[in-house]
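Notes for the one structure printed next.
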Amino acid sequence: MKGSRNDSRLEGTGELLAPPSQAMNSQVAASPQLLMPVRLDPTLQRIWVRSQMSAWTTLAIIGSSAKIPEGTMSVARGLARVAAESGGGLGLIDGRNLELKHLAQVQARLRSTVARQTVVVLPLPKENPVTVSVAQACDAAIMCIVLGETSQVVAAQSVEQIGRDRFLGTVILRPR
């Protein structure tokens, strides 16, 4: 669709999946008074900047992988680091194991999010049908797919079930 949020495609690499100790990497002291932070992943910075081109308070990051089980959470944590570095904050909800009995509570929390941008990490709808309802309660979504694992059919079905107009783009994860 020309002019829609779907026109942009966000791409990531396996670099997104560095262990938190490396990705956040503690600061290196140049002198007792001067601390030099380690540079943030440029791919995550691009994803963050591109996501800020659309107005959203709640963002669903959707995807799952047997090869990279922490892939979507790594993307969310990386975006939280970039948000913090750029002077903002980003709330993070882990919805990967969300059960139906908690659906109303999570939806209410997402609706009440006003002052702080919040990301909720969700599995693909084929793995948890609650994903569709939670993602539809969000203002926007990003799909994470794993090369060689996430089928094009499953990704397309997920986008259609949640609503094509919610998606800002796709992050492509490459297994190492």
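Observations on the model:
- Comparison of 168, 98, 103 shows that the only residue that is within 25 Å of residue 41 (Cα to Cα) and of a type in the set (A, V, I, L, M, F, W, C) is 168.
Quick grid of which residues meet (1) small (Gly, Ala, Ser); (2) in contact with a Cys (Cβ under 9 Å, 6 or more places away or on another chain):
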{"site": "65", "(1), (2)": "yes, yes"}
{"site": "75", "(1), (2)": "no, yes"}
{"site": "92", "(1), (2)": "no, no"}
{"site": "96", "(1), (2)": "no, no"}
{"site": "102", "(1), (2)": "no, no"}
{"site": "143", "(1), (2)": "no, no"}
{"site": "147", "(1), (2)": "no, no"}
{"site": "176", "(1), (2)": "no, no"}
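- Residues satisfying the stated conditions in the stretch 110-161, i.e. charged (D, E, K, R) and either free of Cβ contacts under 8 Å to residues at least 24 places away in the same chain or out of contact with any Gly (no Cβ under 7 Å at 6 or more places or on another chain) (or both): 111, 126, 127, 139, 149, 160
- Exactly one residue among 46, 50, 96 is touching a helix residue (DSSP H, G or I) at 6+ places or on another chain (Cβ under 8 Å), of a type in the set (Lys, Arg) and at pLDDT 90 or above, and that residue is 96.
The values are calculated or read from the model by the stated rules, or taken from the named source; none is laboratory data. Worth saying up front: this structure is predicted, and the values here are computed from it rather than measured. Cβ: placed from backbone, ideal geometry, glycine included. Neighbour counts: every protein chain shown.
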